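Presented below is the structure to which this report refers.
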Amino acid sequence: MAKILVTGGAGFIGSQVVKKLLDEGHEITVADNLSKGQLTNIDLEKVELKKVDLCDANQVKGLLKDQEYCFHFAAKIGGIGYFHKYPAEIIRDNTLMYSNLLDEALNSNSFEKMVYLSSSMVFERTSVFPSKEEDIFTSPPPITHYGFSKLIGEFYSTGYHEQYGLKYTIYRPFNAYGPGEVPEDEVGIAHVIPDLIKKVYVDKQYPVEILGDGQQIRSYTYVTDLADAIGTLTFDKRTDNNDFNVANPKPYNVIELLEKIWEMCGPKDRPLKIKHLPTFKDDVLKRIPSADKIFSLGWKPKVELETGLKNTFDWVKFKLNA
C-alpha cells in the first residue's frame, strides 16, 4: 500500500484512476479545485479531499507531506475549441500547477515518484506514424498552447530528475473517452465523442455538422483501460524515469466515428447526412500512436470502440434523464 496524492482526482480521467488505486489498496488523497471535477465522481468515505488551487504555491505547501506518490492529472483541458479560446490560461496554469508540485516534492522526505499525465498533443506536428515515444525528440514542437504546455511538463519531469534525482513516469493518453465527460453547449469545448453524441442524440441535428472534411484520424482509448495502465504500471520499476504512449492504437477518422454513433443512437428512418463546417486553424489531421513500448510491459487495452461508445452513450442518456 502506498500513500498517494491525486491532483484532479474528481475529474474525468483522475477519478477513474482513483477508483483503480483504491481497488489496489492504496491510501488516496484527492486535490481538486472542483472547477470541472465532480464530487459525485469520488467516494468521500474512502478518500480524503483537499480543495486547493494548485496555481497558488502557498496552497501547495505541505500538500505532499507524508505522500509517497503524486499522480498529476489536474490541468486546463478540453477539445479543440477550448484550446483556441483559453490559450493564455492553459499555458500559464498548467505550467504553474506542475512546477509548484515538483518544488513541493523536493521538500518531502517520504516522496518516491511523480506521475505526470501528458498528452498525445505533444505529437501534433509529427510526420512519423505510428509515432513512437522517441519521436518526440525529432518532431516539431506543438502549435497549440495546450500541446506545448504538456511538452513543457515532460521537460519539467526530466529536468527535475536530472538535477535533483526526482523519479518520474510520463504517460501520454491518446484521445481518452468514456462515461464521465459531459457534452458542452459550445462545439469543441468538450472532446469529439461527447460532441458527436450530443449533436446526434440530444440536438438531433440533420444534417450533422462536423468540423472540416471529417478525415481527421485519431486512436481512441477507453478511460478505464487508461486507468488500468496508470494505476498498476506506475509501481513497476521498469516505468521509473520513463515515458509511455497509452493507447488503443487502431485509427479511425471522424466520419467513421460519426457513422458508428449514428448507427447507435441516430434515427432509424433516414440515412446519415453530413454538413461540413470550417475547422479550427490548428486542427491536427493525423495522430496515430505506437503502443509497443507499453505493450511490452504486459498491458493491453480491453475495451474496443463499439463497446466503449455504447457505454459512453448509455451514461450520457442516464445523465440527461436523471
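Before moving on, here are some points about what is shown:
- Residue that is nearest to D228 (Cα to Cα), among those in the stretch 3-23 that are assigned to a helix (DSSP H, G or I) and more than 13 Å from the chain's Cα centre (by Cα): K20
- Summed over the stretch 219-264, residues that are touching a Phe, Trp or Tyr at 6+ places or on another chain (Cβ under 8 Å) and among the aromatic types (F, W, Y) total 4.
- Among the residues of the stretch 295-313, just one is acidic (D, E) and surrounded by fewer than 12 Cβ atoms within 10 Å (Cβ to Cβ), namely E306.
- Hits in the stretch 273-322 - residues which are among the hydroxyl-bearing types (S, T, Y) and at pLDDT below 95: T279
- Subset of the stretch 170-204 [farther than 24 Å from K281 by Cα and not β-branched (V, I, T)]: Y171, G178, P179, G180, E181, Y201, D203, K204
- Test for D225: is it charged (D, E, K, R), outside any helix (DSSP H, G or I) and touching a residue at least 24 places away in the same chain (Cβ under 8 Å): no
- Any hit, the stretch 200-209, residues being closer than 30 Å to E306 by Cβ, surrounded by fewer than 23 Cβ atoms within 10 Å (Cβ to Cβ) and touching a Cys at 6+ places or on another chain (Cβ under 8 Å): yes
- Residue match in the stretch 235-247 (condition: within 21 Å of K310 (Cα to Cα) and in contact (Cβ under 8 Å) with a residue 24 or more places away in the chain): yes
Residue by residue, here is whether (1) under 22 Å from T232 (Cα atoms); (2) in the same structural domain as Y82 (by TED's automatic domain parsing); (3) acidic (D, E) holds:
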{"position": "S99", "(1), (2), (3)": "no, yes, no"}
{"position": "N107", "(1), (2), (3)": "no, yes, no"}
{"position": "V115", "(1), (2), (3)": "yes, yes, no"}
{"position": "E124", "(1), (2), (3)": "no, yes, yes"}
{"position": "F137", "(1), (2), (3)": "no, yes, no"}
{"position": "P142", "(1), (2), (3)": "no, yes, no"}
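- The number of residues in the stretch 24-63 being in a loop (DSSP other than H, G, I, E, B) and over 21 Å from I77 (Cα atoms) comes to 11.
The values are calculated or read from the model by the stated rules, or taken from the named source; none is laboratory data. Predicted model only: the values in this text are computed from it and were never measured. Cβ atoms come from the backbone with ideal geometry, glycine included; neighbour counts cover every protein chain shown.
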